[in-house]
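See structure below.
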Amino acid sequence: MPPRRKVTTFNKARAIAWLQDGVSKREVGRRLAVSHSVVVRLHQKFQATNSVLERPRSGWPKKTTQLEDRFIRRQSLQQRGTTANIIRGQLRVATNTNVSTKTIRKRLHEVGLRSRRPAVRPRLTAAHRQARLAFCHNHARWTRQQWADVLFSDESRFNLHHHDGRARVWRRQGERYNNGLVQERVAFGGGSIMVWGAFSFRHRTPLYHIVGNLTGQHYRDEIVAPFWFNPLYTRLVCRLCSRTITRHLTERGWSTTSSSRLVSPG
């Protein structure tokens with residue numbers, strides 16, 4: 001059987017106006033493409049209520065009380081990483097009320113809590129945070145020209161396997177980066193390949209494939225020294241970075257000649 005066609009409020013008002021003008025019920029039904037019985041019930045309802053609007057309906061009664069709703073909300077706020085199924089079990093144990101996980105999610109949606117993937121950030125110690133804050137204070141007023149004299153270098157590891165990121169938390173709008181709602185992770189897990197590279201305002205170096213663990217000696221002998229001595233890239237090193245690299249190498253046993261070239265120890 002095809003679904004019953006819903007008559008809009010506008011068409012209901014038109015039908016009543018036609019009936020009051022003396023148009024027959026069958027003719028009204030033909031004009032609106034509805035059955036005769038629909039027009040009859042509409043006319044009867046208008047005579048009883050003097051309105052064509054639908055009366056408000058209470059809907060299906062709620063399965064949970066206000067106290068149980070507060071319990072559901074409290075559990076999700078105290079354990080942001082919990083699931084609707086776990087909250088359902090906790091509610092059943094605490095109040096002997098058995099509801100579906102869909103009902104749990106509906107109650108949380110009503111108070112603005114929705115399941116979202118947690119934001120990800122690197123794990124930082126107190127020393128890491130202090131060093132980063134000091135760097136920001138020292139360089140907050142640097143000009144573009146000053147930053148153009150800086151060569152940035154870093155190592156990056158590209159993982160073949162990593163966490164699938166399916167963990168979810170209950171949070172309100174604007175709570176994305178609240179402590180307790182952010183998933184911390186330890187980088188460089190699983191099979192991977194590591195590369196080193198550097199760039200300045202106008203130039204960049206080629207990527208260097210790092211084989212094995214990156215030790216201080218490996219970094220000095222295989223990465224920094226060949227880059228420093230290569231005439232093709234020596235001109236890319238800025239004033240600030242040349243001083244930094246020179247100090248970095250001399251502290252590890254390299255010496256400086258009268259021509260400002262570095263000589264390997266031994």
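The values are calculated or read from the model by the stated rules, or taken from the named source; none is laboratory data. Computed from a prediction, not measured in an experiment: that's the story for all the values here. All Cβ positions, even for glycine, are placed from backbone atoms using ideal geometry, and neighbour counts span all protein chains on display. Keep in mind that these areas ignore ligands, DNA and RNA; they rest on the heavy atoms of the full protein, side chains included. Shrake-Rupley method; radii C 1.70, N 1.55, O 1.52, S 1.80 Å.
Observations
- Projecting label points 7 angstrom from Cα along Cα→Cβ for Ala127 and Arg31 puts them 8.6 nm apart.
- Lys, Arg +1 and Asp, Glu -1 on Cβ, resulting dipole of region 46-85 about Cα centre, debye, nearest 20: 180 debye
- Sequence-ordered 3J(HN,Hα) estimates for region 136-148 from the Karplus curve with 6.51, -1.76 and 1.60 and θ = phi - 60° stand at 5, 5, 6, 10, 5, 10, 5, 8, 5, 5, 5, 5, 5 Hz, glycine and proline given as x.
- Among Ser37, Trp18, Pro61 the positive-end extreme of the charge dipole of region 1-84 (Cβ point charges): Pro61
- Loop-resident sites, region 38-131, for trypsin sites (Lys or Arg not before Pro), counting at most 14 other Cβ within 10 Å (DSSP): Arg57, Lys62, Lys63, Arg123
- Legend: calculated FRET efficiency, Arg70 to His43, from the Cβ-Cβ distance at R0 = 51 Å, rounded to 0.05, equals 0.60.
- Neighbour cut-off at most 16 other Cβ (10 Å), DSSP loop, GluC sites (Glu not before Pro), region 27-75: Glu54
- FRET efficiency for the Arg176 to Arg144 pair, using the beta carbon distance and R₀ = 41 Å, is estimated at 0.85.
- With DNA, RNA and ligands ignored, accessible area of Ser115 (1.4 Å probe; Å², nearest 10): 30 Å²
- Taking the Cα centre of region 12-150 as reference, the dipole from Cβ charges on Lys and Arg (+1) and Asp and Glu (-1) amounts to some 320 debye.
- Between Asp21 and Tyr219, the modelled labels are 8.8 nm apart [label points 7 Å from Cα along Cα→Cβ].
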